[in-house]
Structure formats: C-alpha cells, structure tokens
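What follows is a single structure, written as structure tokens, with notes after it.
The values are calculated or read from the model by the stated rules, or taken from the named source; none is laboratory data. Keep in mind it's a predicted model, so treat the numbers as computed, not measured. Every residue, glycine as well, gets a Cβ built from its backbone with ideal geometry; the counts of neighbours run over all protein chains shown. The accessibility values were calculated without ligands, DNA or RNA, using every heavy atom of the protein model including side chains. Shrake-Rupley method; radii C 1.70, N 1.55, O 1.52, S 1.80 Å.
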Amino acid sequence: MIIVAAALGVLTWTLLEYMIHRWMGHDRRFRKTPFGVEHVRHHIEGDYFAPTWKKLIVAALFVGVTIAPAIAIAGTEAGIAYVVGLVSFYGMYEFQHRREHTHPGFGPYGRWARRHHFHHHFVDGRKNHGVTSPIWDFVFGTYERPSLIRVPTKLCMAWLRDPATGDIRTEYAGTYQLR
Ligand SMILES: [Zn+2]
Ligand SMILES: [Zn+2]
C-alpha cells in the first residue's frame, strides 16, 4: 500500500510537471503568473533557472496543499507516502532539468531526456512538455520524436560545444547543429 501510494505520488507529479509547464509556462493567459515569468526567462536566456529558495517554497506549497487531503483519503502512512513520492519526484525533476542544460546526458535515459527537452526549447515549444517522462505528451498528443536539433549559437549549451573550435562536438554533430 505504501509503495502504491508513493508511486501514485510520483505519477501525480509527472502530470503536474506537464500541466504547469504546458499551461502556466506556455499559455499566454498565464504568462504573468510567477511560473510563467520565470519560464519565459528560462527560454530566452537558456541557462537561467529560478533561484533555489523559490523552488523550496514551491515544494513546501505542494506539501501544504496535499498532506491533509492525502491523509484523509488514504490514512496517515499511505497519505504521507503519497506526498513524499510527489515532492521527492518534484526534486528529481528540478535536478534532472538543470542537468539537461548543464551536463551531457548520462546513459540512454539521460540522452533521451535531453533530446526530448531541447526539441521543446529549440524546435517546437508547443511539443514535449514533459521533462522527466513523455507519458503526458503521449496522452495529450504533444509528443514529437526529436530529429536534428538546431541550436541558436548564443543559447548553445557548454557540453555541446568543443571549446577549442567553438563548433558542435563531433559526437553530437549528427543530432545537433548550430544556427
Ligand atoms: Zn518550456
Ligand atoms: Zn529547459
């Protein structure tokens, strides 16, 4: 029961991740919300991330909003497990998102996640809103399989460029290009 509750918490986060990003980040009606403002800046500057104290407030808000109903519905242990699953995966998302921008992807998942996200950044901002998984992009019809990703030179990630030549590193030349 505890494992199921924690897994449901993780699944809930993946849906929130999709909804917050797609609607609060990319729908004009929500551009003026705190998340909308931060997210537009993230897209414009590329390496900008909201400060950690704001993310901690968000984590506290998730706990504050979900803990009482979760315990009321599922009991104390399962309710807490649900909230821990949700909030720890929120933390995982924040870590994963930053790593995609700052480090080469590690392993098949790391490489997949990075291409999924940079397709969103540089090819079509209406697609691939999921950062840790593509589940909800499939559900809502916004999944697009990345092919060649053309990255604006001024927004190019450090891991993608050869510091000696300034060009795309040879191992990424088939999948990324500068524009
Ligand atoms: Zn976005
Ligand atoms: Zn990003």
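Here are some notes:
- The chain: most fluctuating residue of M157, M92, M19 per GNM, C-alpha cutoff 10 Å: M92
- Using a simple spin-label model with pseudo-atoms 7 Å out from Cα toward Cβ, F95 and W112 lie 1.9 nm apart.
- Once the 1.4 Å probe is applied to the protein heavy atoms, region 2-139 comes out at 54 Å² accessible per residue.
- Local electrostatic count, R111, Cβ distance below 15 Å [Lys/Arg +1, Asp/Glu -1]: +3
- Highest-first arrangement of 164-174, 140-150, where packing means the average Cβ count within 10 Å: 140-150, 164-174
- Accessible area in the full protein assembly, largest first, 1.4 Å probe, for F122, F138: F138, F122
- Estimated FRET transfer efficiency (L15, E171; beta-carbon r; R0 41 Å; 0.05): 0.75
- In Å, descending, principal axis extents of the Cα set of the chain: 59, 35, 31
- Summing +1 for each Lys or Arg and -1 for each Asp or Glu among the other residues whose beta-carbon sits under 13 angstrom from that of L61 gives +2.
- Percent carbon-and-sulfur accessible area, region 77-179, ignoring ligands, DNA and RNA, probe 1.4 Å: 59 percent
- Once the Cα-Cα distance is subtracted from the 0.36 nm per residue extended length, the V58 to W159 segment shows a gain of 33.5 nm.
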